[in-house]
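Working notes for the structure below.
The values are calculated or read from the model by the stated rules, or taken from the named source; none is laboratory data. The model shown is predicted, which means the values in this text are computed figures rather than measured ones. For neighbour counting, all protein chains shown are included, and Cβ atoms are generated from backbone atoms with ideal geometry for every residue, glycine included. Side chains included, ligands, DNA and RNA excluded: accessible areas come from the protein's heavy atoms. Shrake-Rupley method; radii C 1.70, N 1.55, O 1.52, S 1.80 Å.
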Amino acid sequence: MTHSANIGRVAAMSGGVLLVVALATAQSASQTFPPAPVGAQPFLAARAQLDQTVWSPEVLAQHYEQRFVQLWDELLQGDDHYNALGSFPFSTLSFGGLTGRESLDLGIQRTTYSGASHNLSPDDWRAVLDQFQSEGYEIEQTEWHHSSFEPPEAGRAAHSEVSAVIHAVRENPPHRVIVQATLAVTWSPRVDAQDVPIPDDIEVANLEILERYAPPAFQKVFQVASTDTSRLLQPLLVQDLNGDGRSEIILAGRNLVFWNRGSGQFESTPFLSNDHAFADAAILADFTGDGHLDFVAVDTSLYPLLFEGDSSGQFTTPGRRLADAQFEQPKVFTASDIDADGDLDLFIANYKNSYDDGQMASPYYDANDGHPAYLFRNEGDGTFIDVTEAAGLSAKRFRRTYSSSFVDLDNDNDMDLIVVSDFAGLDLYLNDGTGQFTDVTEDLGRNRHLFGMSHTFGDYDLDGNLDLYVTGMGSTTARRLEGMGLGPEDKPEQNDLRSTMGYGNRMFVRQGNKFGVAAFNDQIAQSGWSWGTSSFDFDNDGDQDIFVANGHISGKSIQDYCTVFWRHDIYTDDSQENAGRDDMFQFVMSPLQETEISWNGYEHKVLWMNGGGTRFTNVAYLLGVAFEYDARAVVTDDLDGDGHVDLLVVEFKWETNDHTLHVYQNRLPEAGNWIGVRLREGGPGLSTIGATVTIVTETGSQFRRFVTGDSFSAQHSATAHFGLGAQTEVETIEVRWPNGTTRRIDRPAINQYFTVKPPLGTN
């Protein structure tokens, strides 16, 4: 069947179906899709009717957007990037004059322009591009997001705003450049031979250039590539298994451990002697109280298993069932001593995929319709008891959860709980010290609503309190629909929460005795569809920076499924299975499943450089970490012990359902002084989980709290790393274990790690 015939048949059956699907289907002359199943047709007809009425301005916006989809596709697929940009059609390109220039850390320069004082013709524009090309610059990456649209009306031309990003590099002498701007596009009435609209005037508004004259600071040193097996690579666990002061890399899904032999050398062996196929989440912690790490995961039996470890970091005994609860899709394990009895308790939460069998998370902003989470109390003898209901955690236990951590949020020395869930956001519970939890989520207001993916902790505003950064989906489509004021009149609450859910990431900082969104949150909200995240002081200047992995599904075309999600999927309002709706989802999503199109694809990774606690700047490309692949798990750790924290990122390939681990060494020459602390397990009450490390210098203090369940399908090691900048002295290091035992080191030497164990006789 030809594509034109296929599109015609779809239109005849469903009254027009979805323009985006037709356009996406037409992208490939080698790919055809079958007609819609009979059971899907009523659902498709209902959607088509909404597209012709409620959503008609957005359908038109998609038509105009094709101009930039074609440009982005050509830049992704072609080799001549300069020609792709130079042949882009327009009448006039205008840009403004210089409005500001400033120097940031690491020799980074920021230059801004605004207004529309200079006009370029297409020939002028090509001359500008020729100049850059002649100077040796290569255009490596771009992004083009259609952020707003005004349909033509009463003689007024259609108008769009497009957020554009260009990453360019010159190798010799080294120079890396980020160009980002808002393009104000006035459309002409003309179209090309494919009926795609042609821009008339383009104003380059709010132009900003970030640049650095240096090679990338991060260099890939090795990777663990996908294999022919169907086994997942995740979870990614980083931990010093044998106590030699070096972190191992554990890929539990593949049953591999990479033993750190020092100087960047790793040796791989089987992780468990008795291999299992595990879900892509797990935890390493001393659950038996013998001072050695144990391993807990869920295998194909769906039961949680505990594998006891020994002093050498080996797990040679068969796993035993930890509890008689089964888990359909376990995505997070977090542990801590919640009741101050000296042993580690365990919280395991599930995810649940939407779309499967025709069900959809409902309501999309507060779904509690997944598989149950469990809180298990450790009885101290290796057995665990389900105390979910007794502890006050039953009301929201059916979230579709991606990450969760026990952590002391309110500085009262007991372990509180945060739960981060897709289609809901953040839930926050305070512990009374005995393992009884009170839900205080409402204190966060509507900002707690987001498509929660992961989280990380740090004192980002440098006020001495623990802050929380939660990742979600920053959606250009949601902002565009909000700007046009579109939405079904009979869905007021869904419409009202759209901008909140699509806003992106949230940073919650301590405000009095509660948490609130940081005043600078807009700076760090928009990183795309974000997954794993990690806090680390990559430049050793004394404040916490943040790396964010993003990108959902990158297909052959950048044509984005996201418009279908926001126009239709979120309004499904039914988490019950439905065969007809399942047929409809399968049909509508077939171009996506076949990766003919994308869903938040080709989003570059983000490195938020902290500028003293009040300002964050994305410097990922300048430092060499703006990877274009879709990414999931993230862990940061100083793998080679040189005082520069390295980066581990897991790539996800949708088409083959494969993961690849990439390990990047931090070689930043401008990094400051530093000091580090490696903790050791000490038995009951002396776990590294729940411990706090604080350093004091003449300019103030820094602290780290050790948690599990942060990032995404990952676990960080029990190592605290502190940047010192130009400081050359540390007054004290203090370690506080969960049972209150402390250990202090006075006047430690800098630029080295200290291994700290609990004092003898403190169990």
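Applying the criterion of being closer than 21 Å to Pro363 by Cβ and either at pLDDT below 95 or hydroxyl-bearing (Ser, Thr, Tyr) (or both) to the residues of region 494-514, the residue that is least open to solvent (accessible area, probe 1.4 Å) is Thr500. Of the helices (runs of 4 or more DSSP H) lying entirely inside region 45-152, the ones with 1 or more residues being open to solvent by 50 Å² or more (accessible area, probe 1.4 Å), of a type in the set (A, V, I, L, M) and touching a residue at least 24 places away in the same chain (Cβ under 8 Å) are found at 56-77. I'd like to know if region 170-187 contains one or more residues that are open to solvent by 20 Å² or more (accessible area, probe 1.4 Å), acidic (Asp, Glu) and part of a strand (DSSP E or B). No, region 170-187 contains no residue that is open to solvent by 20 Å² or more (accessible area, probe 1.4 Å), acidic (Asp, Glu) and part of a strand (DSSP E or B). Residue count for region 196-232, restricted to those that are closer than 29 Å to Leu622 by Cα and touching a strand residue (DSSP E or B) at 6+ places or on another chain (Cβ under 6 Å): 21. The set of residues in region 671-680 being surrounded by fewer than 23 Cβ atoms within 10 Å (Cβ to Cβ) and over 27 Å from the mean Cα position of the chain (by Cα) consists of Gly672, Asn673, Arg680. Screening the candidates Pro759, Pro748 for the property of being at pLDDT below 95, touching a strand residue (DSSP E or B) at 6+ places or on another chain (Cβ under 7 Å) and not hydroxyl-bearing (Ser, Thr, Tyr) yields one hit, Pro759.
Pairing each residue of region 718-733 that is more than 19 Å from Phe706 (Cβ to Cβ) and open to solvent by 10 Å² or more (accessible area, probe 1.4 Å) with any residue that is at pLDDT below 95 and not aromatic (Phe, Trp, Tyr), provided the two are 6+ apart or on different chains, yields C-beta distances under 8 Å for Gln727/Thr699. Of all residues in region 432-463, those satisfying the criterion of being open to solvent by less than 20 Å² (accessible area, probe 1.4 Å) and in a strand (DSSP E or B) are Phe437, Ser454, His455, Thr456, Gly458.
Which is surrounded by 19 or more Cβ atoms within 10 Å (Cβ to Cβ), of a type outside the set (Val, Ile, Thr), under 24 Å from the mean Cα position of the chain (by Cα) and closer than 25 Å to Ser534 by Cβ, of Gly370, Gly425? The unique qualifying residue is Gly425.
Residues in region 218-258 that are in a loop (DSSP other than H, G, I, E, B), open to solvent by less than 50 Å² (accessible area, probe 1.4 Å) and free of Cβ contacts under 8 Å to residues at least 40 places away in the same chain: Asn255 only.
The set of residues in region 646-676 being part of a strand (DSSP E or B) and either in contact with a Cys (Cβ under 7 Å, 6 or more places away or on another chain) or among the aromatic types (Phe, Trp, Tyr) (or both) consists of Phe652, Tyr664, Trp674. Of all residues in region 337-367, those satisfying the criterion of being under 23 Å from Lys491 (Cβ atoms), open to solvent by less than 10 Å² (accessible area, probe 1.4 Å) and in a loop (DSSP other than H, G, I, E, B) are Gln359, Met360, Ala361, Tyr364, Ala367. Filtered by the rule that a residue be without any contact (Cβ under 8 Å) to a residue 60 or more places away in the chain and hydroxyl-bearing (Ser, Thr, Tyr), region 384-420 gives Thr388, Ser394. What's the number of the condition Thr533 fails, among (1) buried (at least 24 other Cβ atoms within 10 Å of the Cβ); (2) of a type in the set (S, T, N, Q); (3) assigned to a helix (DSSP H, G or I)? Single failed check for Thr533: (3). Checked against (1) out of contact with any His (no Cβ under 6 Å at 6 or more places or on another chain); (2) under 30 Å from Glu482 (Cα atoms); (3) open to solvent by less than 40 Å² (accessible area, probe 1.4 Å), Val162 passes all but a single condition, namely (1). Taking the conditions (1) open to solvent by 40 Å² or more (accessible area, probe 1.4 Å); (2) farther than 23 Å from Ser117 by Cα; (3) under 31 Å from the mean Cα position of the chain (by Cα); (4) not acidic (Asp, Glu) in turn, Val191 satisfies each one other than (3).
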